[in-house]
Amino acid sequence: MGFLKPFCIKLGLKKLKVSVLVVGCAGSGKTTIVNSLKPDKEEEIVPTVGFSIERFKFKKSKLTVIDMSGQAKYRKLWDCYYEDAKAVVFVIDAADEGSFPEAATALDEVLSHPHVKAKRLPLLVFANKKDLAKALSAEEVTRDLDLSKKVDLKQTWQVIGSSGVSGEGIENGMKWLYEKLQR
Ligand SMILES: Nc1nc2c(ncn2[C@@H]2O[C@H](COP(=O)(O)OP(=O)(O)OP(=O)(O)O)[C@@H](O)[C@H]2O)c(=O)[nH]1
Ligand SMILES: [Mg+2]
């Protein structure tokens with residue numbers, strides 16, 4: 001059945017069930033992005049304590065999204081979820097260049113985790129808050145964080161400009177991820 005599964009999913013005979021891990025620095029917009037994907041959107045978003053698990057449909061897949069807190073005191077928790085994850089979403093506040101060094105260190109830690117390396121998990125980076133005038137573009141974030149050097153060439157990755165507030169770029173990013181997950 002293993003080799004038939006991708007065909008069954010493509011034909012719509014079987015639903016893709018995947019777990020996606022959402023990480024990034026505190027305040028970068030992870031929960032706002034996850035919330036924008038949910039059919040029942042929450043009015044008020046507060047800093048995540050520890051983590052939050054959300055389950056909803058995206059296209060023909062059933063997504064389990066693990067929205068981690070970016071606060072330093074909860075960072076070690078991220079390590080507990082790589083094993084089951086099928087993809088990683090890393091969110092950067094593109095309007096806060098001061099947060100880039102911390103984001104770069106956090107991303108290095110993600111990419112050097114044994115499960116992420118061994119499974120070559122697809123990595124979607126949201127250069128978030130693009131609605132703000134001072135936000136850098138996806139290309140500028142890629143350059144400033146030296147992403148092409150950081151990410152293993154064999155690992156599938158993409159940087160997409162997004163706004164958790166307006167929703168811009170999020171659907172595109174998720175579509176990209178969805179295509180990678182079907183393989
Ligand atoms: N302008 C703008 N503000 C955003 C955007 N995304 C999130 N925010 C704001 O940024 C703040 C932090 O958003 P959260 O979604 O709580 O950030 P988080 O990454 O989940 O933070 P932690 O849970 O603490 O790790 C909130 O005030 C959001 O309204 C965006 O795309 N544009
Ligand atoms: Mg949060």
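Every number here is computed from the coordinates shown, using simple stated rules; none is lab data. Bear in mind the structure is a predicted one, so any value in this text is a computation, not a measurement. Glycine also receives a Cβ, built like all others from the backbone with ideal geometry; neighbour counts cover every protein chain displayed.
What the table below lists for this structure:
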item	result
Packing rank of 108-117, 64-73, 77-86, where each peptide gets the mean count of other beta carbons within 10 Å, highest leading	64-73, 77-86, 108-117
Helical contribution to [θ] at 222 nm, DSSP H n ≥ 4, -39,500 (n - 2.57), averaged over the chain, rounded to 500	-8000 deg cm²/dmol
Helix axis angle, 170-181 relative to the chain longest principal axis, alpha carbon, degrees	40 degrees
Area projected by the alpha carbon convex hull of the chain, averaged over all directions, nm²	10.3 nm²
Among the listed pairs K17/K76; K30/K130; K57/K119; K62/K150; K17/K60, those beyond 20 Å (Cα-Cα)	K17/K76; K57/K119; K62/K150
Relative exposure of D144, D93, judged by other C-beta atoms within 10 Å (fewest first)	D144, D93
